[in-house]
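Working notes, structure below.
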């Protein structure tokens with residue numbers, strides 16, 4: 001196996017920003033001067049399509065600019081194969097990748113950009129308490145209040161309404177935004193992404209989803225039942241959500257794609273699920289293993 005160095009192209013993810021500039025250059029060559037984008041020229045070309053009002057519709061939070069930049073920052077690294085931990089290494093058509101999902105998403109851009117049909121993500125839900133992830137966006141409450149101008153350096157309040165809970169939405173949005181940006185790049189033109197979410201961030205995932213994928217590509221918010229809790233304070237919420245976006249809804253509409261058609265084998269799997277559920281007394285671990293054996297046996 002070849003030993004890679006930091007200078008080898010295999011150790012770097014694609015430079016998305018450079019790619020974006022190349023696309024703008026192809027569309028509007030007059031807007032680039034000596035390799036730099038001239039926004040004044042671009043503004044003249046786009047005319048009324050450019051939003052220049054101070055107050056704009058959208059979702060903003062502390063760190064959004066940095067989160068957007070993070071998605072464009074190349075990663076230096078590579079994916080290392082592990083044949084010794086693999087099954088059927090020479091013949092398998094499947095990959096399981098272990099690593100920080102942001103870095104992995106960047107590294108996948110080189111080989112899989114525009115090639116993925118379906119992406120399903122189940123991100124960490126925002127429970128209203130601190131959570132830690134490798135991007136180092138996590139601010140303690142003191143830093144958050146200083147950065148958002150609510151207290152000065154000595155802790156004196158600068159605003160009458162201290163929004164302590166806002167940092168939890170901020171952290172979560174900063175974690176999600178670059179990952180969704182990179183996920184969109186991986187999708188084929190007829191691809192779709194499904195995002196599991198609960199009530200806490202459902203409104204926000206819709207807003208950043210509309211921004212990243214385009215409001216016109218929103219498909220639906222699916223509701224699915226889960227186990228109900230008996231210790232609920234007011235209501236026993238027995239459902240969560242799955243937000244669905246297409247990469248290009250107009251393309252699927254043009255192709256008359258229908259998602260509700262019955263798939264071959266579904267009834268057999270459903271019947272086996274019901275049998276396993278009854279036989280195991282709703283032991284979900286056993287049901288899962290039984291279904292895997294059933295599917296592999298075919």
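The values are calculated or read from the model by the stated rules, or taken from the named source; none is laboratory data. As the structure is a computational prediction, the values presented were derived from the model and not from experiment. So basically every Cβ, Gly included, is an ideal-geometry build from the backbone, and we count neighbours across all protein chains shown.
Inspect all residues belonging to the range 82-92 and state whether any of them is closer than 21 Å to residue 178 by Cβ, exposed (fewer than 13 other Cβ atoms within 10 Å of the Cβ) and at pLDDT 85 or above.
No, there is no match, as no residue in the range 82-92 is closer than 21 Å to residue 178 by Cβ, exposed (fewer than 13 other Cβ atoms within 10 Å of the Cβ) and at pLDDT 85 or above.
Where residues in the range 260-298 are assigned to a loop (DSSP other than H, G, I, E, B) and touching a residue at least 24 places away in the same chain (Cβ under 8 Å), which of them is surrounded by the most Cβ atoms within 10 Å (Cβ to Cβ)? Write out each step before concluding.
We begin by selecting, within the range 260-298, every residue assigned to a loop (DSSP other than H, G, I, E, B); these are 260-265, 281-283, 298.
Now drop any that are not touching a residue at least 24 places away in the same chain (Cβ under 8 Å), which leaves 265, 298.
Working: 265: 10, 298: 7.
Once the filter is applied, the top-ranked residue is 265.
Are any residues in the range 1-16 surrounded by 10 or more Cβ atoms within 10 Å (Cβ to Cβ) and either at pLDDT below 75 or assigned to a loop (DSSP other than H, G, I, E, B) (or both), and if so, which ones?
Step one: list which residues in the range 1-16 are surrounded by 10 or more Cβ atoms within 10 Å (Cβ to Cβ), which gives 4, 8, 10-16.
Result: 4, 8, 10, 11, 12, 13, 14, 15.
When the range 57-67 is examined, which residues are found to be in a helix (DSSP H, G or I) and surrounded by 15 or more Cβ atoms within 10 Å (Cβ to Cβ)?
Of everything in the range 57-67, those that are in a helix (DSSP H, G or I) and surrounded by 15 or more Cβ atoms within 10 Å (Cβ to Cβ) turn out to be 64, 67.
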